[in-house]
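Throughout, read-outs are computed from the coordinates displayed, never taken from laboratory work. Small disclaimer: the values here were computed from a predicted structure and weren't measured. Here Cβ is always computed from backbone atoms with ideal geometry, including for glycine, and neighbour counts include all displayed protein chains.
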Amino acid sequence: MFFTFKGLPFFPETASSIAAHVDALYAFLVLTSAFFSLLIAFLVVFFAVKYRRRSAGELPPDTNIAGHGAGLILEIVWTVIPLGISMIMFVWGASIFFTESRPPADSMEIYVTGKQWMWKIQHMEGPREINELHIPVNRDIRLTMTSEDVIHDFFVPAFRTKADVLPGKYTTEWFRPTRIGQYHIFCAEYCGTKHSGMTGTVYVMNQDDYNAWLAAGSGEGSMAEQGQSLFNQLGCGNCHPSVINNNNGRCPNLHGLFGTSVEIKDLGPIRADEAYIRESILYPDSKIVAGYDNIMPTFKGLISEEGMLKLVEYIKSLGPGSGTPTGATPAAVQTSASQPQTPAQRRTNPQATTPPTGR
Ligand code: CUA
């Protein structure tokens, strides 16, 4: 830990793989700024004393004649050195930014919904929690986040990472917790009266404790299973087939849809990702699949953001591909063709990184 003054930490605790890198960069920025601030302050005073006017009639020497060459060298030196230092800051900062904005392909996925003024968390295996997030230590965790109302921002200082949570859009954030413990969650975007109370706690646990916690809370079935019952409840299955080779010609088959390329009328091929599924449910007339008619009614106002995430998870579970907004790689799409694992299988194999929906 950098900079502790009489036991008072200048930095929050560090509990993620990226935290030490962020601290090192920040320390570099602070020390560089401090060095130059002190240097300049010292020189201001020093030169004011050294070159003070000593008599009423004194005139400064003509600098245009004397020392012209030395002035040029001085100009080059004080341009090139700051340029070099700021380039170090730029490249270093950019490399941390890229690391933080690209979740590893095999990350464990968790859904977050922000709402005035609480955090709702949904695990793939089924458990839900409010203002609490239980995760295993030393695993890459990817949060897929959306908001039910205004802009929020999911911030865990101990992990040195934050990302905006926007209505009508999915954003992601990832981290790899490295220390077992409890850490604060804050909302880092002013979102109304109780913004300052929109807090929570991350519980980083060892894998066994996490498995036990998960098993205790998965009574309602996995997200995909909950999505399937919502799918049936809303009557989606009356028109959309969800098994292979069962096409009725009226509504596109959802089997094997996710992550693949879909031909849209008047638009061409697009990728069937989370955002496309969401848009098709809320605004079915905005993208019509080629060869089908515009007959689907909107479900806007009938499905909560959490329900939407479950529906997306169900459609994902029908295979085959990954449509992750960021970090999707060809490798991730290929491995997703493997057999889905049930939550039970996954619990007995904690090293397995394939989420239960086969992504
Ligand atoms: Cu939510 Cu501030």
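Details
- Rg and Dmax [Cα atoms of segment 223-317; Å; Rg one decimal, Dmax integer]: 12.4, 34
- Mean separation of Cα contacts under 8 Å (6+ apart) over length of segment 223-317, as relative contact order %: 36
- Counted charge near R278, where neighbours are those whose Cβ lies closer than 10 Å (Asp, Glu -1; Lys, Arg +1): -3
- Loop-located trypsin sites (Lys or Arg not before Pro) across segment 290-321 with a Cβ neighbour count of 10 or fewer within 10 Å are K300, with loop assigned by DSSP.
- Given charges at Cβ of Lys, Arg, Asp, Glu: segment 27-141 dipole, positive-most of A27, T79, G57: G57
- Under the combined filter of DSSP loop state and at most 12 neighbouring Cβ atoms within 10 Å, segment 115-223 retains these trypsin sites (Lys or Arg not before Pro): K194.
- Each peptide among 11-18, 281-288 gets the average number of other Cβ atoms lying within 10 Å of its residues, and from highest to lowest they stand as 11-18, 281-288.
- Pairs from the table (K120/K287; K194/K316; K265/K300; K120/K169; K265/K310; K162/K300) lying more than 24 angstrom apart at Cα are K120/K287; K194/K316; K265/K310; K162/K300.
- Percent of C-alpha pairs per 10 Å bin, segment 29-136, short to long: 10, 19, 20, 15, 12, 10, 9, 5, 1
- Distance histogram for segment 128-261 (every C-alpha pair counted, 5 angstrom bins, percent rounded to whole numbers): 2, 9, 13, 17, 15, 14, 13, 9, 6, 3, 1
- Ordering E263, E313, E129, E173 by the number of other Cβ atoms within 10 Å of each residue's own Cβ, fewest first, gives E263, E129, E173, E313.
- Relative to the Cα centre, the charge distribution of segment 223-317, modelled as +1 at Lys and Arg Cβ and -1 at Asp and Glu Cβ, gives a dipole magnitude of about 140 debye.
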